[in-house]
Each structure stands twice: as structure tokens, then as C-alpha cells.
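Shown next, in C-alpha cells, is the structure this report addresses.
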There are 2 protein chains.
Amino acid sequence: MHDCPYCKKLEAYNFGDYLDKTQHWIIFLAPNQSNLGTCVVALNRHHPTLTGLNTSEWEEFTELVERMESAVKNAFQATLFNWGCLMNSFYLENNLEPHLHWHFIPRYRDPVEFAGHIFEDPHFGYMRPRPPKNISPDVREKIISKIKEYM
Amino acid sequence: MHDCPYCKKLEAYNFGDYLDKTQHWIIFLAPNQSNLGTCVVALNRHHPTLTGLNTSEWEEFTELVERMESAVKNAFQATLFNWGCLMNSFYLENNLEPHLHWHFIPRYRDPVEFAGHIFEDPHFGYMRPRPPKNISPDVREKIISKIKEYM
């Protein structure tokens, strides 16, 4: 992975594979790539809610929104993007402290062929969870590289 | 409703009942109150994506996040809040121009009694759509007043 002690600590959260970081946010390629390029954008300090983010954290988040939307549009021709800050599961079965993060879910009108797989979005136009797509760590690495190439 | 020509134009979008507005955003009480206090926060100009929001629009949005979370926590003792910018349906059946908006969905560990109704959140901890709760326009007005009282 990489050698940031804080990111190490976040491993328990299963946000995915490290992709990039900025001063205030860490980007992970999400475990579930049923929608190609799905990421988690986690705050680079422990804090539970959007309330209480400081100006510089928000500013950097808004820059990331533009960079990530542009990168995934150029890399994979995504049609649009869903952003969500939910935090539901922390209040349920697990006993991890709530850690603020965003879900970034690219949506595709048309299937995309990448690294030997066809990525489809059969629920395009709707928000319906899908099980993870079965892809190898090598393919995950290729997705990360492709996104970084355009960021 | 009220006499803003722009809000009139937004009526076709069925975002809900007017609650409040700021320079850059209009808050509606969402049609679906299965989760008490659910709102739509729509941009006060026609624009389709988070990419392209200007600094002053983002700044005002982040202030609204704090104000709305605080208001609904104090009004109804919400446990946490889901925020989502999805935009899915515009790419589907309807032919309205995509109009940027956020979904604000309060989540409740415990049922809330308000205006003669019990509002429950049976999927607390999960994101699962529910059909609208059957409440009268009068009850909707009471919800709006209560939120505004705390904003």
C-alpha cells in the first residue's frame, strides 16, 4: 500500500485500495467496482459529520470533486456521477468510530470495456446496490493507474 | 407557494414544498416524508453538475449543511444525516433539463412523534427507499414551520 500511518489506521474501515491523497482527504478505489471507478474519499482526520468540517477541508473537497469527475469522465467516458455522504453503517453492526467519507459512483449509459472486462451499469438512472464485480488485484491496479493518469 | 418566478419554474421538478432560500440555493420539504424532515436543496440557477459550481455557491452550501443538520437535530432529534447528489432520474424517463440538487435525509434511531403521527426509520443503518408517508398538507406545513423555527 504505502507508508502513511494514518492510512494504515484506516485499513480497518475497508474503504478500498489507496489511490491518492491531498492534505485533507484520502482517495481509495472502492472494494466494489461494479460501477467502474467507484471511489471512497475519506477525511484525513477522525471526525464523524459534515458539520464541523473546516473551510480548508471543504475547499479541497470541492476541488477534488472537479478533478475526480473530470478524470473518470476522460478515462472511462462516464455519463454522470453520484456523490453521497451516508455514514449509515457506523450506527449499525460495527463498532468503529464514524469516520467521515464520501462515496463517488460513476454512472454509465453505455458499457465500458477495460482490462479484459465489460463494465455495465444495468440500473443506470436508478440508485440500486449491486454486488461487487469479480476482478483481480491486477485489474484494480490498472483502474487506479488509469484514473491517476487523468488526475 | 411564493412569488419567485424562478421557483415557479422549478415546480415541474416536483422537488417538494418551498421551505426557505438563500442567495444560491432553494430548500424544499421533499414530497416523501417517510424520513421526517427530508429536504431537497436545489441550486438557484440552471446548472447540471457539481463540476462548475462557483466558490460562493459551494461556500453557501457548506453553511446550509451546518444549519440544516443543526435545525433538524434540534427539531426532531435526528441521529445522523445522509446527503446525496445523484441526478439519476434526469437521464432516464423524463425530459427535464438536469437541475443540480442535493437530497438531505435525516435518519432516526428512535421513532419520533410529531403532529399526530409516528415517524419511524425502520431501515436505520441502511439506504433503502421507502414509499411516501401519507400525511396532510397541514402536517407538511407544521414540519416546515418546525424546521424554520430552528434554522
Out of curiosity, is B:P122 in a strand (DSSP E or B) and either more than 9 Å from chain A (Cβ to nearest Cβ) or of a type in the set (V, I, T) (or both)?
-> no
So is B:L64 out of contact with any Gly (no Cβ under 7 Å at 6 or more places or on another chain), assigned to a loop (DSSP other than H, G, I, E, B) and either open to solvent by less than 60 Å² (accessible area, probe 1.4 Å) or of a type outside the set (S, T, Y) (or both) or not?
-> no
Any pair with Cβ under 7 angstrom, 6 or more apart, that starts in the range B:71-88 at a residue that is more than 11 Å from every other protein chain (Cβ to nearest Cβ) and ends at one that is basic (K, R) and surrounded by 17 or more Cβ atoms within 10 Å (Cβ to Cβ) = B:A75/B:K146; B:A78/B:R107
Answer yes or no: is there a residue in the range B:128-136 that is surrounded by 13 or more Cβ atoms within 10 Å (Cβ to Cβ) and free of Cβ contacts under 8 Å to residues at least 12 places away in the same chain.
-> no
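The values are calculated or read from the model by the stated rules, or taken from the named source; none is laboratory data. A quick note: this is a predicted structure, and the numbers were derived from the prediction, not measured. All Cβ positions, glycine included, derive from the backbone under ideal geometry; neighbour counts span all protein chains shown. Only protein heavy atoms, including side chains, enter the accessible area calculation; ligands, DNA and RNA are left aside. Shrake-Rupley method; radii C 1.70, N 1.55, O 1.52, S 1.80 Å.
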